[in-house]
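For reference, the structure discussed in these notes is given below.
The values are calculated or read from the model by the stated rules, or taken from the named source; none is laboratory data. Just so it is clear, the structure is predicted and the values come from calculations on it, not from any experiment. FYI the Cβ positions are ideal-geometry reconstructions off the backbone, even for glycines, and counts take in every protein chain you see. What goes into the accessible areas is simple: the full protein's heavy atoms, side chains included, and nothing from ligands, DNA or RNA. Shrake-Rupley method; radii C 1.70, N 1.55, O 1.52, S 1.80 Å.
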Amino acid sequence: EAGVTQFPSHSVIEKGQTVTLRCDPISGHDNLYWYRRVMGKEIKFLLHFVKESKQDESGMPNNRFLAERTGGTYSTLKVQPAELEDSGVYFCASSRIRQGVYEQYFGPGTRLTVT
Amino acid sequence: TQLLEQSPQFLSIQEGENLTVYCNSSSVFSSLQWYRQEPGEGPVLLVTVVTGGEVKKLKRLTFQFGDARKDSSLHITAAQPGDTGLYLCAGGVGTNQAGTALIFGKGTTLSVSS
């Protein structure tokens with residue numbers, strides 16, 4: 001079974017530019033999550049999709065972030081316009097239910113640097 | 001705001017020693033998951049505990065969920081250099097049936113030297 005994949009692995013952009021991150025979940029996983037880790041801080045939740053619907057987007061920092069999951073398969077996270085504080089590692093995870101608990105499996109992350 | 005306090009932040013030990021990592025909160029979690037992360041990779045799930053007082057063993061690793069489901073510990077027996085890495089605890093908020101968001105601790109960086 002292929003794991004969660006993310007693209008690109010690294011992205012360096014200038015302040016004010018736009019970046020789009022992509023996540024392909026494990027096949028058959030309806031739940032997809034985005035998280036972010038900024039330097040020195042813990043990994044923080046951004047949002048949660050169930051199929052193509054946003055179940056919880058309480059962690060999205062502001063309206064410069066837009067997440068989509070058309071068709072309930074892969075997801076994109078767009079940052080427009082990017083700011084310096086958006087730098088960090090963005091993780092995607094998908095989950096399956098096992099013994100009554102949803103277990104989340106993470107991708108390798110996209111390291112975003114805004115200069 | 002729910003927080004998970006993880007300690008110690010750094011741990012450097014010799015091969016063969018035992019160690020315990022703690023994860024504490026004032027909040028109740030529906031589940032507690034432990035991950036291990038290598039540089040440049042995403043967190044890899046080690047175990048999920050759900051029931052208060054639950055103990056799970058994975059070879060030399062023993063995981064425990066507190067009776068009140070507010071704290072957890074990871075104990076490694078006879079640590080080996082291959083155990084080196086970042087260990088993360090993460091608590092599930094909401095109900096297990098909902099596929100919940102996770103609250104992460106800051107992690108414990110473990111270094112085991114031979």
- request: Please give, to one decimal in nm, the separation of the simple spin-label points placed at A:T115 and B:N24, each 7 Å out from Cα toward the Cβ.
  value: 4.4 nm
query: When ligands, DNA and RNA are left out and all protein chains stay put, how many square angstrom of accessible area per residue does chain A have with a 1.4 Å probe?
result: 51 Å²
field: Longest to shortest principal axis, alpha-carbon extents of the protein assembly as shown, angstrom
entry: 50, 37, 36
- prompt: Hey, any idea what % of chain B's accessible area is carbon plus sulfur with a 1.4 Å probe?
  reply: 50 percent
- line: hull vol. (C-alpha, convex hull) per residue for chain B, Å³ -> 95 Å³
Where Cα atoms sit under 25 Å apart: lysine pairs in chain A separated by 8 or more or lying on different chains: 8
statement: Note: chain A, point scatterers on Cα, Debye, no solvent; log10 I/I(0) at q = 0.15, 0.16 Å⁻¹ equals -0.60, -0.68
B:S113 versus A:L84: modelled label distance in nm, points set 7 Å from Cα along the beta carbon direction: 3.7 nm
statement: Label model pair B:Q14, B:R60: point-to-point distance (7 angstrom along the Cα→beta-carbon line) in nm is 1.5 nm
- request: Would you mind checking which residues have amide H under 5 Å from B:L3's amide H? H placed 1.01 Å from N; only 5 or more apart, or other chain.
  value: B:S26, B:S27
- prompt: Taking one equal scatterer on every alpha-carbon of the range B:28-95, how large is log10 of I(q)/I(0) by Debye at q = 0.18, 0.24, 0.28, 0.29 1/Å?
  reply: -0.67, -1.05, -1.26, -1.31
field: Solvent-accessible area per residue, Å², over chain B with all protein chains present [probe radius 1.4 Å]
entry: 46 Å²
task: Give, ordered by residue number, each residue of the range A:31-52 whose 1.4 Å probe accessible area is reduced by a minimum of 50 Å² on adding the remaining protein chains to the chain alone.
output: A:R37, A:E42, A:I43
statement: Those residues in the range A:76-115 that give up at least 50 Å² of accessible surface, probe 1.4 Å, once the partner protein chains are present instead of the chain by itself are A:V101, A:Y102, A:Q104, A:F106
- line: One point scatterer per Cα, no solvent, Debye formula: log10 I(q)/I(0) for the range A:68-115 at q = 0.24, 0.28, 0.33 Å⁻¹ comes out as -0.98, -1.08, -1.17
- request: Find the sum over both chains of the accessible area lost when A and B are paired, probe 1.4 Å, and report it in Å² to the nearest 100.
  value: 1700 Å²
- request: Please work out how much accessible surface A:Y105 shows to a 1.4 Å probe, ignoring ligands, DNA and RNA, in Å² rounded to 10.
  value: 60 Å²
statement: For the range B:24-65, shape from the Cα gyration tensor axes a ≥ b ≥ c, cut at a/c of 1.5 then a/b versus b/c, turns out oblate
statement: Under a 1.4 Å probe, counting only protein heavy atoms, B:D83 has an accessible area in Å², nearest 10, of 10 Å²
- request: Can you send over the carbon and sulfur percentage of the accessible area for chain A, probe radius 1.4 Å, protein chains only?
  value: 47 percent
- request: Leaving ligands, DNA and RNA out of it, rank A:T70, B:T109 by accessible area with a 1.4 Å probe, largest first.
  value: A:T70, B:T109
